[in-house]
Amino acid sequence: MGLYSGTASYVRYKIIDTPPDQIKEFVLQRLKDFAFRDLDPGSLSEKAIGWVSAENMASIHFDDMHFVKEPYLVFSLRIDTRRIHAMTMKAALLREELKLKKATGRELLRKKEKEDLREQVRQSLVKKSLPLPTVYDVCWNYARDTVLFFSCSNSANDEFTQFFYRSFELKLMRLAPTGLAQQVWHEDRQPLDLRRISESLSYGP
């Protein structure tokens with residue numbers, strides 16, 4: 001579930017590098033530079049990744065500051081993946097093997113022939129398959145240098161942290177509950193209030 005849904009799951013990060021002073025203008029330019037681009041239907045690429053509007057997954061036109069929701073920067077990460085179902089691949093490969101056996105008049109195919117045929121079938125299916133889009137919301141509190149990524153999937157978080165660094169050249173550190181407790185203590189220099197820490201974990205960035 002995402003930022004605009006009734007319920008949401010997210011992972012919290014801390015930016016451990018120093019962001020530029022003109023943060024909104026900087027992010028705007030980087031969102032443009034690393035905006036999502038559709039997969040070329042005729043290509044063999046199996047994945048496309050980039051930033052889109054959190055309000056419309058089809059919108060990649062970052063030509064204004066619509067993503068600024070003071071003191072937050074809100075946008076989404078879109079990942080389109082072409083996946084070939086195992087049974088689809090198996091059926092297509094068996095069909096092509098039968099054709100090759102008939103053409104060569106042999107009952108058995110050589111190992112190299114099977115490998116080449118498998119790759120040909122895979123490439124053909126990749127070109128024909130429609131990409132499956134997945135969208136993850138991002139909420140960046142630039143006043144506190146914290147980022148919420150709205151997915152708890154390990155693979156999605158790996159994709160996000162790598163692409164975030166590639167886009168903004170800022171490293172993220174995943175915050176565990178103990179790290180959040182230390183952050184609360186560091187900000188207030190007060191005795192740890194477990195109730196306040198619990199509220200921080202549950203509601204706010």
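Nothing in this text is a laboratory measurement; each read-out follows from the coordinates by a stated rule. This is a predicted model, so every value here is computed, not measured. When we count neighbours, we look across all protein chains shown, and the Cβ atoms used for this are built from the backbone with ideal geometry, even at glycine.
Summary table
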read-out	value
Proximal lysines relative to Lys69, as straight alpha-carbon distance under 23 Å, when same-chain residues fewer than 8 apart are discounted	Lys14, Lys24, Lys32, Lys171
Two-site FRET efficiency, Tyr165 against Ala143, from Cβ-Cβ distance with R₀ of 22 Å, rounded to 0.05	0.55
Efficiency of FRET from Cβ geometry, Thr18 and Ala176, R₀ 22 Å, rounded to 0.05	0.45
Radius 13 Å from Cβ of Gln29, net charge of other residues (Lys, Arg +1; Asp, Glu -1)	-2
Partners for Lys90 among aspartates and glutamates (Cα-Cα distance below 15 Å; same-chain residues under 8 apart left out)	Glu115, Asp116, Glu119
The range 100-181: GluC sites (Glu not before Pro) in DSSP coil with no more than 14 other Cβ atoms inside 10 Å	Glu107, Glu169
Beta bridge orientation in the range 27-152: antiparallel %, DSSP, nearest 5	95 percent
